[in-house]
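K.L.:
Below are the structure tokens for one structure; questions will follow.
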Amino acid sequence: MPHPKRKILVTSALPYANGAIHIGHLVEYIQTDIWVRYQRLCGHQVVYVCGDDAHGTPIMLRARKEGLSPEDFIGRMNLEHQRDFARFDIAFDSYYSTHSTENQALCVHIYEILRKNGHIVTRDVEQFFDPMEQIFLPDRFIRGTCPNCKAPDQYGDSCEICGKHYQPTDLINPRSAVSGAIPVRKTSRHFFLRLEHFRQQLQNLLQTRFVDESVANKLREWFTTELKDWDISRDAPFFGFAIPDEADKYFYNWLDAPIGYLASLAHYLAAPAEDAIQFWQNDDLEVHHFIGKDIVYFHALFWPAMLFGAGLRPPTKLAVHGHLTVNAEKMSKSRGTFISALQYARYLDPQWLRYYFATRLTTAPSDLDLSFEDFTARVNSELVGKLANLISRAAPMLNRLLNGETGVPVVDALPLLEQLRQAKPEIAQAFEERNFAGATRQICSLADKANKFVEDNAPWVLVKTDAQAARGVLTAALEAGRILTIYLKAIVPQFARSVEQCLNIAPLEWQHIEDSMPAHKINAFVHLATRVDDKAVQSLIQENMMSEPTAVTPPSVIPPTPSTATSSSSNPSPAGPGSVEPLAPTCTIEQFAAVDLRVARVISAEDLPGSDKLLKLQLDAGALGHRVVLAGIKKAIALDQLPGRLVIFCANLAPRKMKLGTSEGMVLASGPGGTEVFLLSVDSRATPGQRVH
RNA sequence: CCGAGGGUAGCUCAGCGGUUAGAGCAGGGGACUCAUAAUCUCCGGGUCGUGGGUUCGAAUCCCACCCCUCGGACCA
């Protein structure tokens, strides 16, 4: 009524077609779906599209491992994903795939324009190459010893033990995760999008309501330096779209992933790609992308840049959410908290998760925690104890004592009902802003009042003396339940459906808040929501701990973060230069002498909680005294093997303040890092403090 | 070290310049028995991270510091 109908295109990030949907992913899809359902409830025109991000080397390799063609593999994943989403009532209008003819047409179309307009350049890039497999290796497919903490078998982009990020070229003893071969450097021509061309437009975009202020602050940092060209090409063999007029060149899947939103739209429209573009360009259309904070870069820079370059409008809004932790820790297989959507649904009700996430989601892109204790408490006390209870006490009573017929709410109930209705704008605003925590808080508080009303008027007593009055009380209670259900409908649609059935009313819409139920006969009560059984929660976690990490083939590329789209092989910077420990430039004897290497004896080694890679070593350097050195060897060398041992360390290295203390030197070691670290030692007769020449 | 966000009752959080600081959950007492042992009621419980400042008045604004989380830099 008051506001005109909005036209809104909504997307959730495209999950990578390489693994199952897990509860971390679900934060985003549930958040998006609640928002979408709310908008629809208000009568707005919403198209909600998504699909699998189906391209890339990880998928190609994974398919091969399973003995499938990539097409068959992603087809299977797509079905699995759709099945999982359906269980959680994610109401996509179109769930498609980046591997589609529409997407290919769109990618080529946009690329051609970018090229024509001079936004594409080519440049030679040197990269790791697997000589056995004859493929270029994404960072994640190079494993080696972490150069920082010397943990062995770490990914090429970052170390899981110490958390350090680096270039694959920094790895000690790098190996191809595909074949085990030693990667070699190889040069190839790559295509780049000149991001700098779009600096002004991108910055202007930040002046709009494109992102919330806290995110905008962060984004502005990117503009303090030159925007680097973005590498959009990959070499054959690659599972993706070929770049036109080029032999053996493919589009990087992060190029076709966001374009996949358009492709999914085309699929929804059942129309050719041009129609999707036309739809997109509609002046009245709002475009909202829901994404995790890990992929802001792609959606705030690359994607708008592509659109600008192609003469298309940018998105209206990025709705950024944080990551999920479970019981206050990162999801962990060993703790049983790495839970797939499927596993969750086997033990627990998806409605509960929708409700619980809603109570935790705010506008801010901060991480949210799924504490199972809190989860159980809140679902039981709020969703079941307050909300469901209101109807489950009133409806059966009306059926049993008063023939199931509602009447007119008693006069005493009018202030309550008025209050319920007056909450509308505030709750609406909370939904609009994605402040679902605020919305549920208000809804619960209203439910408290409604329950109190029932309590105060005791219809079960009243019915003995004044049936009509009792009917009026129960009618009011059900009316209150009906209004609350409208408020809740976007969050727990199945709950709402049950209420509608029970109250024998048409599907509820937001505008029905103002209405009153006419006197009518209600249906038999149906159970609205069961309580969470703590045992089921325990079973779920137990089973998860037991279940072997199957389905994950060696180069496990299941994104460790909950959010989505192309988390693997997603190093945003252009394919970095580097090499397999190339020989350093020649140095003079003076330069060499500048480095003062000394013998030292390890006095003690202690763990540094908070660092995955570093150990704190106390060194006895003889006349030089004692030194504290933080060495990245935790993964490689057991604590008890260190004390007493002679090592070589650089004694005149400038002290370095690190996160967990200051390091007064550097212990020398070889090896790729991670668990492959080999300390240099000297013959046993060397004494601490001696210089190495 | 830089940036962002946060530190308010045992727990999760609301309040973000104005009367004695709130809610839910948990704990304790009571009421009720219509309801999925639900609901209602009462109680205990906080020097609102620390120290300064602005103000008639600060949890709320400013400055410094401490701690946590998340990015980034550095370590490499």
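Bear in mind these aren't lab numbers, they're just calculated from the coordinates by the rules spelled out. Everything quoted here is computed from the prediction, not taken from an experiment. Ideal geometry is used to build each Cβ from the backbone, glycine not excepted, and the neighbour counts take in all protein chains shown.
K.L.:
Nearest 10 degrees is fine. How inclined is helix A:467-488 to the longest principal axis of chain A, computing both from alpha carbons?
P.N.:
30
K.L.:
Next question, about the same structure. Average the reciprocal distances over every distinct pair of alpha-carbons in chain A, invert the result, and give the Kirkwood radius in Å.
P.N.:
Final number for the Kirkwood radius of chain A is 28.5 Å.
K.L.:
Once the Cα atoms of helix A:350-360 and of chain A are each reduced to a long axis, what angle between those two axes, in degrees from 0 to 90 to the nearest 10, is obtained?
P.N.:
Once rounded, the angle reads 70 degrees.
K.L.:
Still on this structure, please answer the following. Once you've got the Cα coordinates, tell me which of A:218/A:317; A:7/A:317; A:65/A:635; A:424/A:489; A:65/A:186; A:7/A:293 are over 19 Å apart. Mind dumping the intermediate values first?
P.N.:
On the way: A:218/A:317 16 Å; A:7/A:317 14 Å; A:65/A:635 29 Å; A:424/A:489 14 Å; A:65/A:186 25 Å; A:7/A:293 25 Å.
Long pairs (Cα-Cα over 19 Å): A:65/A:635; A:65/A:186; A:7/A:293.
K.L.:
Now for a separate question. Using only the C-alpha atoms of the range A:330-457, find the volume of their convex hull and express it per residue in Å³. Display every interim value, and only then the final one.
P.N.:
On the way: hull volume 17.5 nm³, N = 128.
About 137 Å³ per residue, rounded to a whole number.
K.L.:
Also, quick follow-up: Let's test the formula: R0 of 56 Å, r as the Cβ-Cβ distance of residue A:607 and residue A:467. What FRET efficiency results, to the nearest 0.05? If you can, show how the numbers build up before the last one.
P.N.:
Working: r = 74 Å, r/R0 = 1.31.
Efficiency, from the Cβ-Cβ distance: 0.15.
K.L.:
Pairing the Cα long axis of helix A:534-546 with the longest principal axis of chain A, what angle in degrees results, from 0 to 90 and rounded to the nearest 10?
P.N.:
The two axes meet at around 30 degrees.
K.L.:
Same structure again: Need one number: nm distance between label points at residue A:207 and residue A:412, each 7 Å from Cα along Cα→Cβ, rounded to one decimal.
P.N.:
Taking the simple label geometry, residue A:207 and residue A:412 are separated by 6.0 nm.
K.L.:
Using modelled amide H (1.01 Å from N, peptide plane; none on Pro or chain starts), what sits under 5 Å from the amide H of residue A:369, excluding residues fewer than 5 places away?
P.N.:
A:325
K.L.:
Let me ask you something else. Quick check: the distance between the Cα centres of the range A:388-416 and the range A:418-478, to the nearest angstrom?
P.N.:
With the range A:388-416 and the range A:418-478 each reduced to a Cα centre, they are spaced 11 Å.
K.L.:
Read phi for every residue in the range A:628-638 and hand back ³J(HN,Hα) as whole Hz from Karplus 6.51 cos²θ - 1.76 cosθ + 1.60, θ = phi - 60°, with x for Gly and Pro.
P.N.:
9, 10, 8, 10, x, 10, 4, 6, 9, 10, 5
K.L.:
Now, a different point. Along the range A:242-259, what does the Karplus equation 6.51 cos²θ - 1.76 cosθ + 1.60 (θ = phi - 60°) give for ³J(HN,Hα), rounded to whole Hz, x for Gly and Pro?
P.N.:
Ordered by residue, 3J(HN,Hα) equals 6, 7, x, 6, 10, 8, 6, 10, 10, 6, 4, 5, 6, 7, 7, 5, x, 4 Hz.
K.L.:
For residue A:366 and residue A:692 in the same chain, what is the full-extension length gain: residue separation times 0.36 nm, less their Cα-Cα distance, in nm?
P.N.:
112.3 nm
K.L.:
Once you order the gyration tensor axes a ≥ b ≥ c over the Cα atoms, which shape class does the range A:325-370 get: rounded for a/c under 1.5, otherwise prolate or oblate by comparing a/b with b/c?
P.N.:
Values: a/c = 2.81, a/b = 1.19, b/c = 2.36.
Oblate.
K.L.:
Restricting the count to DSSP beta bridges whose residues both fall in chain A, what percent are antiparallel, rounded to a multiple of 5?
P.N.:
Numbers: 54 of 78 bridges.
Given both bridge residues lie in chain A, the antiparallel proportion sits at roughly 70 percent.
K.L.:
When the chain is fully extended, how far beyond the present Cα-Cα distance does residue A:501 get from residue A:445, taking 0.36 nm per residue of separation? List each step's numbers first, then the result.
P.N.:
On the way: separation 56, 0.36 × 56 = 20.16 nm, distance 2.47 nm.
So the chain would gain 17.7 nm between residue A:501 and residue A:445.
K.L.:
Next question, about the same structure. Want the number for residue A:76 to residue A:668: 0.36 nm per residue separation, take away the alpha-carbon distance, what's left? Walk me through the numbers on the way to the answer.
P.N.:
Details: separation 592, 0.36 × 592 = 213.12 nm, distance 4.95 nm.
Additional length available on full extension: 208.2 nm.
K.L.:
Now a separate question. What relative contact order, as a whole-number percentage, does chain A give when Cα pairs under 8 Å and 6 or more residues apart are counted? The partial results should precede the final answer.
P.N.:
Working: 1383 pairs, mean separation 137.0, N = 693.
Computed over chain A, the figure is 20 percent.
K.L.:
Separate question: Please list the non-local residues whose amide H lies under 5 Å from the amide H of residue A:190, H modeled 1.01 Å from N, same-chain partners needing a gap of 5 or more.
P.N.:
A:123, A:124, A:125
K.L.:
Next up: Considering every pair of different Cα atoms, what Kirkwood radius, in Å, is found for the range A:472-553?
P.N.:
Working: mean 1/r = 0.0648 Å⁻¹.
Result for the range A:472-553 stands at 15.4 Å.
K.L.:
What is the spin-label model distance, in nm, from residue A:329 to residue A:188 if the labels are put 7 Å beyond Cα along the C-beta direction?
P.N.:
4.0
K.L.:
Compute the label zone of residue A:403 within the range A:513-541: residues whose backbone N is under 17 Å from the point 7 Å along Cα-to-Cβ.
P.N.:
A:519-524, by backbone N distance to the label point.
K.L.:
List the residues, sorted by chain then number, that are 5 or more residues from residue A:96 or on another chain and whose placed amide H is less than 5 Å from its amide H.
P.N.:
For residue A:96, whose amide H was placed from the backbone, the distant partners under 5 Å are A:50, A:51, A:52.
K.L.:
Hey, what number do you get for chain A at 222 nm if only DSSP H runs of n ≥ 4 count, each worth -39500 (n - 2.57), divided across all residues, to the nearest 500? Each step should come with its number before you reach the end.
P.N.:
Values: 21 runs with 252 residues, N = 693.
Computed mean residue ellipticity for chain A: -11500 deg cm²/dmol.
K.L.:
Work out from phi, with θ = phi - 60° and the Karplus expression 6.51 cos²θ - 1.76 cosθ + 1.60, the ³J(HN,Hα) of each residue of the range A:219-232, listed in order in whole Hz, and give x for Gly and Pro.
P.N.:
4, 4, 4, 5, 8, 6, 10, 5, 7, 6, 4, 9, 6, 10
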